[in-house]
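Student: Have a look at this one.
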Amino acid sequence: MDNLKAEPIIIRKLSQADAEIFNNIYTRPDLFWKINVDDNSGNESAEEFTKRMLWMCKYIYTIRLKRDPDKVLGSCVLYNWNKRTKEIYFGGALDPKYWGMGIMPSAFNQMMEMAKYCI
């Protein structure tokens, strides 16, 4: 896996077609933060969870390796945009087997570039 450090990634807008793999990232017990665990989520399906995330987050993207664009490694999101103070927050999750490889900083850099033009 060390060869992934130099591999470029792409971010792609989350879609319902990504529901199953997207949900799997957030339901892994080894992730420290689980956005899908709250009082309102109950036993929602992968499709319902993805719909909820798309409804809650206008700027939510999947993270993929450029050489394997069909495989979702994680996600990143822009949220809590404050026009008055010109602040925005980034969040995300990444499959633990890709931690420490510079993938998330690369995804956030791409999100910042996108934000400059879209927000």
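Student: Restricting the search to region 49-95, which residues are of a type in the set (Lys, Arg), open to solvent by 80 Å² or more (accessible area, probe 1.4 Å) and modelled with pLDDT under 85?
Tutor: Answer for region 49-95, where residues must be of a type in the set (Lys, Arg), open to solvent by 80 Å² or more (accessible area, probe 1.4 Å) and modelled with pLDDT under 85: Lys51, Lys58, Lys83, Lys86.
Student: Give region 87-119 a look and list any residue that's assigned to a strand (DSSP E or B), more than 11 Å from the chain's Cα centre (by Cα) and touching a residue at least 24 places away in the same chain (Cβ under 8 Å), or say none.
Tutor: Hit for region 87-119 is Ile88, nothing else.
Student: Can you tell me which residues in region 3-15 are open to solvent by 70 Å² or more (accessible area, probe 1.4 Å) and at pLDDT 75 or above?
Tutor: Pro8, Arg12, Lys13
Student: Quick one: count up the residues across region 63-86 that are over 23 Å from Tyr117 (Cβ atoms), part of a strand (DSSP E or B) and among the charged types (D, E, K, R).
Tutor: Summing the residues that are over 23 Å from Tyr117 (Cβ atoms), part of a strand (DSSP E or B) and among the charged types (D, E, K, R) in region 63-86 gives 3.
The values are calculated or read from the model by the stated rules, or taken from the named source; none is laboratory data. For clarity, every value in this text was computed on a predicted model and none was experimentally measured. Ideal geometry is used to build each Cβ from the backbone, glycine not excepted, and the neighbour counts take in all protein chains shown. Accessible surface is based on the protein model in full, side chains and every heavy atom, while ligands, DNA and RNA are left aside. Shrake-Rupley method; radii C 1.70, N 1.55, O 1.52, S 1.80 Å.
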